[in-house]
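J.: Structure provided below as structure tokens; questions to follow.
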Number of protein chains: 2
Amino acid sequence: MTAVSRPRRSDATRAAILRAARERFAADGYDRATIRAIAADARIDPSMVMRYYGSKEGLFAAAAEFDLRLPALAAVPAEQLGEVLVRHFLDRWEGDETLAALIRTASTNPGAAERMRGIFAEQIGAAVVRLGTDPATAARRAGLITSQILGLAFTRYIVRLPPMAEAAPEELVAWVAPTIQRYLTGPVPASA
Amino acid sequence: MTAVSRPRRSDATRAAILRAARERFAADGYDRATIRAIAADARIDPSMVMRYYGSKEGLFAAAAEFDLRLPALAAVPAEQLGEVLVRHFLDRWEGDETLAALIRTASTNPGAAERMRGIFAEQIGAAVVRLGTDPATAARRAGLITSQILGLAFTRYIVRLPPMAEAAPEELVAWVAPTIQRYLTGPVPASA
DNA sequence: ACTGTAGGCCAACAAGCGTTGACATCAACT
DNA sequence: AGTTGATGTCAACGCTTGTTGGCCTACAGT
């Protein structure tokens with residue numbers, strides 16, 4: 001409720017902790033990423049982590065702040081939406097380990113799973129709705145898109161299945177874009 | 001190299017341990033599933049787990065023995081392959097928690113990730129090759145199929161994204177089957 | 001120059017972990 | 001009946017974990 005707090009002297013430390021935490025959570029998952037290891041990476045004492053983030057869960061919450069940074073889809077020609085989306089996600093994740101941290105942690109940590117539900121339901125769901133999709137099927141479409149996008153991330157970055165981990169991004173875009181395109185704009189199939 | 005060992009008196013105990021282990025690993029992942037908790041579920045002493053399975057890793061190896069049980073695809077009409085595959089996986093996993101255990105553990109445990117690579121590369125890869133697919137693209141096709149199948153499993157059983165977790169199996173089949181069908185038998189896209 | 005406060009380190013805690021070895025118990029075979 | 005080996009229990013070990021509180025240091029405001 002007051003003015004923006006002026007920079008604290010400890011901001012560098014806080015940032016170092018956060019950077020180390022993201023790396024460790026991404027590489028090891030929540031349980032195996034210990035506060036001691038994160039503190040060692042950041043070259044500070046473990047107790048500083050507690051002081052600044054309260055607890056391990058608090059640290060994770062701060063480290064897993066995550067924005068898909070979806071581009072403005074309204075400006076994209078309708079038939080290129082799949083391509084744009086897949087390329088965006090690959091670009092977005094090649095350099096940022098936060099998604100890997102989130103996937104690894106969401107696998108075993110209910111809180112992180114909840115956060116993941118929120119991120120994808122809201123951001124992808126909202127984008128689908130914004131495109132003018134029939135609201136009755138929008139949620140299902142968003143879920144299907146999420147399933148393929150997360151499956152891509154899981155096989156490429158987490159399990160590192162060779163054909164997926166070694167493929168060139170453009171090749172993956174060419175294969176996967178039609179899937180996303182159909183989930184997004186294709187007709188509802190005549191289900192049983 | 002001798003005759004099949006006659007039933008041991010401890011077989012019931014071994015089975016109880018294995019059942020409890022699968023449940024716990026599936027529900028909690030490798031790190032949070034403690035030997036003590038598994039032993040408590042099986043109503044035996046933690047030390048029995050060590051006696052029969054050597055270590056926690058040995059127990060997991062035994063619990064995560066996993067066969068996709070792919071049906072004979074040669075008998076399936078070519079244009080129904082996607083449908084048959086998706087329905088098979090959903091059927092296979094609705095009742096068996098082993099896949100969830102494997103996914104949860106593969107997220108953080110390198111050994112389990114290696115096992116997962118083996119299972120999908122060999123079983124799905126082999127099935128794709130067996131269908132007479134061009135060997136040059138078979139691995140990529142298998143990887144793409146795995147990405148969608150695992151993405152389905154991840155969103156439905158692990159993260160439990162509402163639109164995916166609550167959908168009727170037949171509805172998912174109708175949406176996802178064309179994706180698998182295209183990855184399996186569709187033309188190689190003109191990639192950049 | 002003095003003081004208050006924020007930043008940082010150190011040592012320790014209680015709890016939980018996988019794992020071990022000694023001891024009891026029971027079934028089977030001579 | 002007595003021996004033997006498998007089956008199970010109990011208590012403890014060494015280690016790591018998240019977390020805490022006390023203490024020292026250095027800077028900002030007066």
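The values are calculated or read from the model by the stated rules, or taken from the named source; none is laboratory data. Fair warning: this is a prediction, and the values are worked out from it, not measured in the lab. Don't worry about glycine lacking a Cβ; one is built from the backbone with ideal geometry, like all the others, and counts go over all protein chains shown. Ligands, DNA and RNA are excluded from the accessible area calculation, which covers all protein heavy atoms including side chains. Shrake-Rupley method; radii C 1.70, N 1.55, O 1.52, S 1.80 Å.
J.: At 1.4 Å probe radius, can you tell me the per residue accessible area of segment A:73-185 in Å²?
T.: Here the residues of segment A:73-185 average 35 Å² of exposed surface.
J.: What does the average come to when, for each residue of peptide B:100-107, you count the partner chain Cβ atoms lying within 10 Å of its Cβ?
T.: 4
J.: Using +1 at the C-beta of Lys and Arg and -1 at the C-beta of Asp and Glu, which of B:ALA21, B:GLY125, B:ALA177 has the Cα lying farthest in the positive direction of the dipole of chain B?
T.: B:ALA21
J.: What value, in deg cm²/dmol to 500, does the helix sum -39500 (n - 2.57) over DSSP H runs of n ≥ 4 give at 222 nm once divided by the residues of the protein assembly as shown?
T.: Result for the protein assembly as shown: -19500 deg cm²/dmol, rounded to the nearest 500.
J.: In addition: Looking at the P(r) of segment A:131-187, how many percent of alpha-carbon pairs lie beyond 18 Å?
T.: In whole percent, the share of Cα-Cα pairs in segment A:131-187 beyond 18 Å is 39.
J.: Give me the residues in segment B:140-157 whose solvent-accessible area, probe 1.4 Å, is reduced by at least 50 Å² once all protein chains are included instead of the chain isolated.
T.: Residues losing area: B:ARG140, B:LEU144, B:SER147, B:GLN148, B:PHE154.
J.: Here's something else I'd like to know. Just to be sure I understand the curve: with the Debye formula and one point per C-alpha of the protein assembly as shown, what is log10 I(q)/I(0) at q = 0.13 Å⁻¹?
T.: Debye curve over Cα of the protein assembly as shown, log10 I(q)/I(0) at q = 0.13 Å⁻¹: -1.12.
J.: Where does the Debye-calculated log10 I(q)/I(0) of segment B:85-134 sit at q = 0.17, 0.24, 0.28 Å⁻¹, using only Cα point scatterers of equal weight, no solvent?
T.: For the requested q values the scattering log ratios are -0.63, -0.97, -1.04.
J.: Same structure, new question: Let me know the charge dipole size of segment B:11-63 about its Cα centre in debye, to the nearest 20, where only the beta-carbon of Lys, Arg (+1) and Asp, Glu (-1) is charged.
T.: 60 debye
J.: While we're looking at this one, here's another question. Under a 10 Å cutoff between Cα atoms, tell me which one of A:GLY132, A:GLY82, A:GLY58 has the largest fluctuation in the Gaussian network model of chain A.
T.: The residue that fluctuates most here is A:GLY132.
J.: Rounding to the nearest 20 debye, state how big the charge dipole of chain A is about its Cα centre with +1 on each Lys and Arg Cβ and -1 on each Asp and Glu Cβ.
T.: Using only the charged Cβ atoms, the result is roughly 680 debye.
J.: Under 10 Å, Cα contacts only: if you run a Gaussian network model on chain B, which one of B:GLU23, B:GLU166, B:GLU65 comes out with the highest mean-square fluctuation?
T.: For chain B, modelled as a Gaussian network with Cα springs under 10 Å, the answer is B:GLU166.
J.: Now for a separate question. In what sequence, largest accessible area first, do B:ARG117, A:ARG130 appear using a 1.4 Å probe?
T.: A:ARG130, B:ARG117
J.: Before anything else, pin down the relative contact order of chain B: Cα pairs under 8 Å, at least 6 apart, normalised by residue count, whole percent.
T.: Once normalised by length, the contact order is 23 percent.
J.: Which shape class, rounded, prolate or oblate, goes with segment A:24-121 when its Cα gyration tensor gives a ≥ b ≥ c as root eigenvalues, a/c under 1.5 marks rounded, and past that a/b bigger than b/c marks prolate?
T.: prolate
J.: Based on Cβ point charges of +1 for Lys and Arg and -1 for Asp and Glu, what charge dipole magnitude is obtained for the protein assembly as shown about its Cα centre, in debye rounded to the nearest 20?
T.: That gives a dipole near 1180 debye.
J.: Whole-Hz Karplus ³J(HN,Hα) for segment B:66-76, in order, using 6.51 cos²θ - 1.76 cosθ + 1.60 and θ = phi - 60°, x for Gly and Pro?
T.: With coefficients 6.51, -1.76 and 1.60, one gets 8, 10, 5, 6, 4, x, 6, 7, 4, 7, 8 Hz.
J.: Next question, about the same structure. Summarise the partner chain shielding of B:22-31 as one whole number: the mean count of Cβ atoms from other chains within 10 Å of each residue's Cβ.
T.: Mean number of neighbouring Cβ atoms from other chains: 2.
J.: Cα extents of segment B:73-185 along the three principal axes, largest first, in whole Å?
T.: Largest first, segment B:73-185 extends 34, 34, 19 Å along its Cα principal axes.
J.: Take the Cα atoms of chain A, find their three principal axes, and give me the spread along each one in whole Å, biggest first.
T.: Rounded to whole Å, the extents work out to 58, 47, 31 Å.
J.: Of the listed peptides B:39-50, B:148-159, B:175-186, what is their order by residue-averaged count of other C-beta atoms within 10 Å, with the highest listed first?
T.: Listed from highest to lowest mean packing, they are B:148-159, B:175-186, B:39-50.
J.: Any number yet on Rg/Rh for segment A:11-63, C-alpha, Kirkwood?
T.: 0.90
J.: Turning to a different aspect of this structure: From other protein chains only, count the Cβ atoms within 10 Å of every residue's Cβ in A:178-189, then give the mean.
T.: Mean partner shielding for this stretch: 3.
J.: Please identify, among A:ALA75, A:ALA127, A:ALA100, the residue showing maximal mean-square fluctuation in a Gaussian network model of chain A using a 10 angstrom Cα cutoff.
T.: A:ALA75
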